[in-house]
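K.L.:
Right, I'll just put the structure down here and ask away after.
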Amino acid sequence: MGFPKGFLWGGAVAANQCEGAYLEDGKGLSVPDMLLGGDVNTPRTFCPTIEKGVFYPSHEAVDFYHHYAEDIALFAEMGWTVFRFSINWGRIFPNGDDEEPNEAGLAYYENVIDECRKHNIEPLITLCHYEIPWAIVTKYHGFVDRRVIDLFVKYATTCMKRYKDKVKYWLTFNEINIVLHEPMIGNLYGTGLVEQVDLDRTEPCMLNELTTVPQRTFEALHNEFVASALTVIEGHKINPDFMIGNMIAYTALYPLTCNPKDLLECQWLDHWKNDFCSDVQVRGYYPDYIMKYFEREGIDTSFITEEDKAIIKEGTIDFYTFSYYMSNCITVDPNAEKSGGNLSAGYKNPYLKASDWGWQIDPDGLRWCLAKLHDRYPDTPLMVVENGFGAYDKVEEDGSIHDSYRIDYFRPHVKAMKEAIDLDGVPLIGYTTWGPIDLVSAGTGQYAKRYGFIYVDRHDDGSGDFSRSRKDSFFWYKKVCESNGEDID
C-alpha cells in the first residue's frame, strides 16, 4: 500500500537554530542566546550574562529571519507539504510576562505562515522549542514557578488566536522528556530551570556543570504537563479543528545481552526516557512505575494536585510526534564499551555503524519504535518530526556537494516507515527531516555538524556570506516527496 494519500512530507527547524536576528524587531533574550559553541568532545558553555567579543552561534544562526522567503521557495521546490518550525516566545513576549504581545513578532511569523501557504505547505508550529525567554529564567527560574504555567498559556493562545485560520497543526513543548535524558542540559533547554547558584556565577561554565535538584526538576516538568494540557483545552476552544500534539525525544533501547538483568534495566530506562512523558500526555495520568519511583527516591508529590490531575486528563493530545536519530544498548555491565550520542549515550551495538558524532545508525529501530508506539497508543496518529544525519560536508571547486552518506542514511529510514505502515498497520501521518537547511546544532553549537539538504555558507568562526546552495541530497529528497515515498533510489 505504501504511504497513504495526503501523507505530509517536509522538514523541521527551530527558531533559535536558524533565525538569527536575536534582538531585532523587539525580540528579548532567550536561553540559547546565552550559549557558546562546543564540539563533539567539548560541552557547550553557558554564560549568565552576554560576554563581549565572544561568538554566540544563535545570535545570527543562518539568518532565516531575513531569508525565509528564499528558503521556503527551496522547500517548495523539493515538493514539501509540511514545514515544522518554532515560534520564539521572546519575539512575541520579549520578557515572557509582558502585558501586551510584540506586534512585530506576531507579524513576522504571520509572514512566514503566509509564505508557506503560498506554496501549499502546511505550517506545523512548535510553541516552545528550547526558546524560553531569559527573563523567565532569571525572574522565575523557569517552569518550577507555577506562575509560568499561565504565562505560557497566554503566549500559546495569543499565537493560536492570531493564526487560527492559517495553522492546523501545533506542538506544545519540544522533546518535553529531555530532562530525563540529561537533567543539567535538559533543565536549561527544556524547563528554563536554572538554580540561583548558577545564575550568580561571574564566569561562564560548561553545561554539564550546572546544578540540578531532582525535586525541582520534577515540579518544573509537571508544570509543563499542566501548561501543555491547558493549551490543548484552550486551543480547541479557539478552533475545534486544531490538531495539537506533544513531542518526545525517542531513542530505541535494546538489552545488550540476554542477561535478564540487562532486560530489566532496559525495560526501566525505556519507561523512564521514552514512555513516562507521553503516558501522561496521551493517557492523561501519571503511570504507576513513575509514582513508585517517586516514592523510592523520596520525591514529594504534593505538587500533583487533584485540580492538575483533572486538567491533565482533559487536555490529552491529538497526535503523538517524536524525534528519532539513533538507538542504544543497555547493560548492567559497567565495563561494556560506551557509545556516543547527543543526550542519549548508552552502550555500543556491535551490529551498527555510527556517525562522526558517535550516533549509532539504526533504521530498523525506527520501525521498532513506530510499532511499539502504535501498540501502546493504538488510537493516536503518529508523526516523525525529527530524523536526520549530522556530517561534515565538503564543497567541491564547482560548488557542488556530493553527500551520498546523507542519502544512505535517509533511504533506509524512509523504507522503515513504509514497512511500519504496510506490515505493522501504524497510522503514520507525516515525516519532517531535521535540519533540512544547515543550521546551528543544539547539542554542540556547531555549524560544521551539517544536517541540511541545503548548504549555508556559515562556519564555526562566524565567517560566511549566508548564501544557499543545493546538495545532492536535495534532489534525492525531492524525488521522495514528489513520489510520496515510492522513489527512494
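The values are calculated or read from the model by the stated rules, or taken from the named source; none is laboratory data. The structure presented is a predicted model; accordingly, all values stated were derived computationally and were not measured. FYI the Cβ positions are ideal-geometry reconstructions off the backbone, even for glycines, and counts take in every protein chain you see.
K.L.:
Among the numbered conditions (1) in a helix (DSSP H, G or I); (2) more than 30 Å from Glu122 (Cβ to Cβ); (3) among the hydrophobic types (A, V, I, L, M, F, W, C), tell me where Ile299 comes up short.
P.N.:
Only one criterion is unmet by Ile299, namely (1).
K.L.:
Residue under question is Pro350, and the condition is that it be without any contact (Cβ under 8 Å) to a residue 12 or more places away in the chain and within 22 Å of Arg406 (Cα to Cα); does it hold?
P.N.:
yes
K.L.:
Now a separate question. Which condition breaks for Ile50 when tested against (1) under 14 Å from Cys159 (Cα atoms); (2) of a type outside the set (S, T, N, Q); (3) part of a loop (DSSP other than H, G, I, E, B)?
P.N.:
If we test Ile50 against (1) under 14 Å from Cys159 (Cα atoms); (2) of a type outside the set (S, T, N, Q); (3) part of a loop (DSSP other than H, G, I, E, B), just (1) comes out false.
K.L.:
Would you pick out the residues in segment 210-257 that are more than 20 Å from His181 (Cα to Cα) and outside any helix (DSSP H, G or I)?
P.N.:
Asn239, Pro240, Asp241, Phe242, Met243, Ile244, Gly245, Thr257
K.L.:
Filter segment 10-28 down to the residues that are touching a Gly at 6+ places or on another chain (Cβ under 7 Å), farther than 18 Å from Trp170 by Cβ and not small (Gly, Ala, Ser) and list them by number.
P.N.:
Passing the criteria: Asp25, Lys27.
K.L.:
If you scan segment 457-484, which residues turn out to be of a type in the set (Gly, Ala, Ser), touching a residue at least 24 places away in the same chain (Cβ under 8 Å) and on the phi < 0 side of the Ramachandran plot?
P.N.:
Listed by number, the residues that qualify are Ser469, Ser473.
K.L.:
OK, next. What number of residues within segment 302-347 are without any contact (Cβ under 8 Å) to a residue 40 or more places away in the chain, in contact with a Phe, Trp or Tyr (Cβ under 8 Å, 6 or more places away or on another chain) and polar (S, T, N, Q)?
P.N.:
The number of residues fulfilling the criteria is 1.
Residues checked against (1) modelled with pLDDT of 95 or more; (2) surrounded by fewer than 24 Cβ atoms within 10 Å (Cβ to Cβ):
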position	(1), (2)
Gly2	no, yes
Lys5	yes, yes
Ala12	yes, no
Gln17	yes, no
Ala21	yes, yes
Asp63	yes, yes
Ala69	yes, yes
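K.L.:
Only one residue in Val112, Val167 is in a loop (DSSP other than H, G, I, E, B), under 20 Å from the mean Cα position of the chain (by Cα) and not charged (D, E, K, R). Which one?
P.N.:
Exactly one residue qualifies, and that residue is Val167.
K.L.:
Please go through segment 467-489 and pick out each residue that is touching a helix residue (DSSP H, G or I) at 6+ places or on another chain (Cβ under 7 Å) and either at pLDDT below 95 or part of a loop (DSSP other than H, G, I, E, B) (or both).
P.N.:
If the condition is that a residue be touching a helix residue (DSSP H, G or I) at 6+ places or on another chain (Cβ under 7 Å) and either at pLDDT below 95 or part of a loop (DSSP other than H, G, I, E, B) (or both), then Gly485, Asp487, Ile488 are the ones that fit.
K.L.:
Return the total of residues in segment 115-134 being out of contact with any strand residue (DSSP E or B) (no Cβ under 7 Å at 6 or more places or on another chain) and either within 18 Å of Gly186 (Cα to Cα) or crowded, with 24+ Cβ neighbours inside 10 Å (or both).
P.N.:
Residues flagged as out of contact with any strand residue (DSSP E or B) (no Cβ under 7 Å at 6 or more places or on another chain) and either within 18 Å of Gly186 (Cα to Cα) or crowded, with 24+ Cβ neighbours inside 10 Å (or both) within segment 115-134 amount to 1.
K.L.:
Taking segment 23-61, which residues are farther than 23 Å from Val197 by Cβ, of a type in the set (Gly, Ala, Ser) and surrounded by 14 or more Cβ atoms within 10 Å (Cβ to Cβ)?
P.N.:
Gly26, Gly28, Gly37, Ser58, Ala61, listed by residue number.
K.L.:
Still on this structure, please answer the following. What are the pairs, 6+ residues apart or on separate chains, where a residue within segment 191-207 that is in contact (Cβ under 8 Å) with a residue 12 or more places away in the chain has its Cβ under 7 Å from a residue that is in a helix (DSSP H, G or I) and of a type in the set (Ser, Thr, Tyr)?
P.N.:
Filtered contacts from segment 191-207: Leu193/Thr217; Leu199/Thr138.
K.L.:
For segment 223-240, give me each residue that is within 19 Å of Tyr320 (Cα to Cα) and either crowded, with 23+ Cβ neighbours inside 10 Å or among the aliphatic types (A, V, I, L, M) (or both).
P.N.:
Scanning segment 223-240 gives Glu224, Phe225, Val226, Ala227, Ser228, Ala229, Leu230, Thr231, Val232, Ile233, Gly235.
K.L.:
OK, next. Are any of the residues in segment 272-285 crowded, with 23+ Cβ neighbours inside 10 Å and either free of Cβ contacts under 8 Å to residues at least 24 places away in the same chain or outside any helix (DSSP H, G or I) (or both)?
P.N.:
Within segment 272-285, not a single residue is crowded, with 23+ Cβ neighbours inside 10 Å and either free of Cβ contacts under 8 Å to residues at least 24 places away in the same chain or outside any helix (DSSP H, G or I) (or both).
K.L.:
Within segment 175-206, track down each residue that is polar (S, T, N, Q) and buried (at least 20 other Cβ atoms within 10 Å of the Cβ).
P.N.:
Asn177, Asn187, Thr191
K.L.:
Please give the number of the condition Pro363 fails out of (1) out of contact with any strand residue (DSSP E or B) (no Cβ under 9 Å at 6 or more places or on another chain); (2) over 17 Å from Trp434 (Cβ atoms).
P.N.:
(2)
K.L.:
Taking the residues in segment 53-70 that are of a type in the set (A, V, I, L, M) and in a loop (DSSP other than H, G, I, E, B) as candidates, determine which candidate is nearest to Ile454 (Cα to Cα).
P.N.:
Of everything passing the filter in segment 53-70, Val62 is nearest to Ile454 (Cα to Cα).
K.L.:
Count, please, the residues in segment 82-114 that happen to be out of contact with any Pro (no Cβ under 9 Å at 6 or more places or on another chain), more than 24 Å from Val148 (Cα to Cα) and buried (at least 18 other Cβ atoms within 10 Å of the Cβ).
P.N.:
The qualifying residues number 1.
K.L.:
What residue, among those in segment 444-462 that are surrounded by fewer than 21 Cβ atoms within 10 Å (Cβ to Cβ) and either farther than 18 Å from Ile401 by Cβ or of a type in the set (A, V, I, L, M, F, W, C) (or both), is nearest to the chain's Cα centre (by Cα)?
P.N.:
Result: Ala448.
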